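What follows is a single structure, written as structure tokens, with notes after it.
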């Protein structure tokens, strides 16, 4: 039955050769007209050797719409957008994206091959015959044949100085045996050196040998409000450079525990920004922007299995570390030397203290409340003290002690407002450096 139907179709085609010829000619003419109407798409395709340009091809010097970033033609194109909000977002992306970079992680990995093996060589000869020896049987086992350099991951970053300092996450560049390569937005490639990794924040600073680079502007993350625009840019999935996603600030002062995709470790990150702007693997270390194209955060984590719940480190937490890396070549972090619990009415009742906000200096079976020899110890702080202010800045759940101290430099002298046994006092402390 099937053969009969195919034969009938062939006869039908033979009987209508002229009609098919005219139809084919009409299609060709239509294609040619369409190509002119589309602005020369066919000629462009032939110029690319018959291949449609790939969406993951290397970047050139053009910005959105193929126009040079920041050019007058780009500005004019943005002005033509009908939606005012759309114009704001596109302008913000145009402003920041030249300074966003992709980071490729490479490492020597073993080359594994199948090599001849003798799994029963320890057996006496009279027993080996029972396992196929002597009849030409060959056994193989995996063996290492040297190593090769291979790309094993990717992340994002952004340029903070024109002479090549770049900010990213510490977990992006945590492997001290790996090599790191930076690709700038114009497609140039640079070998990167890890200048410093922050001892407590998920933050690192890289350096590339380049000059006159575009840089981002850093905003004031202390003034963020729920619902304002948030724009994430990064190396999504380690494949798509400078991918843009847009959302809002969904939450502030979140405390999270983040783990690596491999599940090899976790760390607590405090006082982070929550956003619904999609943050994908590979976005780590990239900037979170406001509608002015300024950096308000460093994208650090996402919630697996959730719908667009991502987190960013507020940029104010990183400013002193960035300045330290640029001036001294390392990240110097201020150190007080206390272990504490942040208070709220429930926690205050649990520990039977009168203060309902602040940082209760409290040790446990593993750690001292006040580290011996630390700046806090030298200043006379005691277990049970409640630190309520630092230089007049209130310490509470939305402004934890570690975050407040992190905005100072080693050697700075601060004034702590402390409640001890129901009495309020001021204690000066000269901060040390965290090792």
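Bear in mind that the values in this text are calculations on the coordinates, not laboratory data. As the structure is a computational prediction, the values presented were derived from the model and not from experiment. Backbone-built Cβ (ideal geometry, glycine too); neighbour counts: all protein chains shown.
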Q. Using the 10 angstrom Cβ neighbour count as an exposure proxy, how do 111, 298, 208 rank, fewest first?
A. 111, 208, 298
**Q.** Neighbour-count order for 235, 408, 351, fewest beta carbons within 10 angstrom listed first
**A.** 351, 408, 235
Q: Once you have the Cα-Cα distance between residue 161 and residue 107, take 0.36 nm times their residue separation minus that, and quote the gain in nm to one decimal.
A: 16.7 nm
**Q.** Pairs of alpha carbons in segment 315-422 whose separation is greater than 24 Å (percent)
**A.** 26
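By its C-alpha gyration tensor, with a ≥ b ≥ c as the square roots of the eigenvalues, how is segment 264-361 shaped: rounded for a/c under 1.5, else prolate for a/b larger than b/c, else oblate? If you can, show how the numbers build up before the last one.
Details: a/c = 2.18, a/b = 1.36, b/c = 1.61.
Note, shape of segment 264-361 comes out oblate.
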Q. Where does each of 139, 311 land when they are ranked from fewest to most other beta-carbon atoms within 10 angstrom?
A. 139, 311
Q: Calculate how large, on average over all directions, the projected area of the Cα convex hull of segment 195-260 is; give the answer in nm² to one decimal.
A: 6.9
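Would you calculate the volume per residue, in Å³, of the smallest convex hull containing every Cα atom of segment 221-324?
Convex hull of Cα atoms, per residue: 109 Å³.
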